[in-house]
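See structure below.
The values are calculated or read from the model by the stated rules, or taken from the named source; none is laboratory data. Values in this document were obtained by computation on a predicted structure and should not be read as measured data. Ideal geometry is used to build each Cβ from the backbone, glycine not excepted, and the neighbour counts take in all protein chains shown.
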Amino acid sequence: MSEGRGNEHGHGHDHDQDRLSDTELRVRALESLLVDKGMVDPAALVETYETKVGPRNGARVVARAWTDPDYKDWLLRDGSAAIADLGYHGRQGENMYVVENTAEVHNLVVCTLCSCYPWPVLGLPPVWYKSAPYRSRAVIDPRGVLREFGTELADDVEVRVWDSTAELRYLVLPERPAGGEHMTAEELATIVTRNSMIGVEKVALPAREAAA
Ligand code: FE
């Protein structure tokens, strides 16, 4: 039987790193163009892709699920279709599975073998997500990892860890914070962080909303 290189990884990893560096190359090309023209600070640009441009899509998905029960049902049943309905689809996001954080269950996403990540909804993965310590410790000691992100869970909360693959990417639907009931989906989208959709943090209301 002859098998190609794509079968080397037992759980369907399809040399995600190769494709990632492909994207990184394109980002770098754009970067150097803008830097040459004196338009941007390169570090700030990468930061923007990791924390703002990409995750904003996921944040809109979350905010809609928080404000539209039918959409939430659909999202949990068929993540790929519900996410594509908002216009977010494409490479590294073909098969999406959305997991819901509740008072009883906290979900955390990792890729133990490389860096599989749902690009259409979260953008580029942060450096720590690709690091060996996160990839191993998220499985061995998820509560310890969560604590390092400042996330303390009660002992009776069940922690579920999801290992991403080339075929299946996970998005965490964080718990909607109490308060801020009057906030619109657009306003709610602004408080949903990238880290909350990986599952390392919870979503908090801004101080002015929490006090209201
Ligand atoms: Fe991977």
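Here are the numbers:
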| quantity | calculated |
| --- | --- |
| Test set (1) away from the ligand (no atom under 16 Å from the Cβ); (2) among the hydrophobic types (A, V, I, L, M, F, W, C); (3) within 17 Å of the chain's Cα centre (by Cα) - residue 183 fails condition number | (3) |
| Test for residue 93: is it of a type in the set (Gly, Ala, Ser) and either within 16 Å of the ligand (Cβ to nearest atom) or over 19 Å from residue 188 (Cβ atoms) (or both) | yes |
| Filter pass, residue 108 being modelled with pLDDT under 95 and of a type outside the set (Lys, Arg) | no |
| Close pairs (6 angstrom Cβ cut-off, 6 or more residues apart or separate chains): more than 15 Å from residue 54 (Cβ to Cβ) and without any contact (Cβ under 8 Å) to a residue 24 or more places away in the chain in region 120-134, among the hydroxyl-bearing types (Ser, Thr, Tyr) and outside any loop (DSSP other than H, G, I, E, B) anywhere | 128/134 |
| Meets criteria (within 22 Å of residue 188 (Cα to Cα), free of Cβ contacts under 8 Å to residues at least 40 places away in the same chain and either surrounded by 17 or more Cβ atoms within 10 Å (Cβ to Cβ) or hydrophobic (A, V, I, L, M, F, W, C) (or both)) for residue 103 | no |
| Residue list for region 69-100, filter: among the hydrophobic types (A, V, I, L, M, F, W, C), within 16 Å of residue 161 (Cβ to Cβ) and surrounded by fewer than 22 Cβ atoms within 10 Å (Cβ to Cβ) | 99 |
| Qualifying residue in region 147-163 (condition: touching a Pro at 6+ places or on another chain (Cβ under 9 Å) and not aliphatic (A, V, I, L, M)) | yes |
| Options 172, 161, 145, 192: the member that is in a strand (DSSP E or B), more than 16 Å from the ligand (Cβ to nearest atom), within 29 Å of residue 94 (Cα to Cα) and of a type outside the set (D, E, K, R) | 172 |
| For residue 170: the one exception among (1) within 11 Å of the chain's Cα centre (by Cα); (2) hydroxyl-bearing (Ser, Thr, Tyr); (3) farther than 25 Å from residue 64 by Cα | (3) |
| Scope region 169-188; condition hydrophobic (A, V, I, L, M, F, W, C), surrounded by fewer than 21 Cβ atoms within 10 Å (Cβ to Cβ) and modelled with pLDDT of 95 or more; matching residues | 185 |
| Among (1) within 16 Å of the ligand (Cβ to nearest atom); (2) over 17 Å from residue 76 (Cα atoms); (3) modelled with pLDDT under 95; (4) touching a helix residue (DSSP H, G or I) at 6+ places or on another chain (Cβ under 7 Å), the one test that residue 134 misses | (3) |
| Residue 124 vs. criteria crowded, with 21+ Cβ neighbours inside 10 Å, of a type in the set (A, V, I, L, M, F, W, C) and either at pLDDT 95 or above or not in a strand (DSSP E or B) (or both) | yes |
| Selection count, region 57-103, where residues are under 16 Å from the mean Cα position of the chain (by Cα) and of a type in the set (Ser, Thr, Tyr) | 3 |
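To keep it simple, each residue is scored yes or no on (1) surrounded by fewer than 17 Cβ atoms within 10 Å (Cβ to Cβ); (2) more than 23 Å from residue 43 (Cα to Cα).
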{"site": "111", "(1), (2)": "no, yes"}
{"site": "120", "(1), (2)": "no, no"}
{"site": "150", "(1), (2)": "yes, yes"}
{"site": "157", "(1), (2)": "yes, yes"}
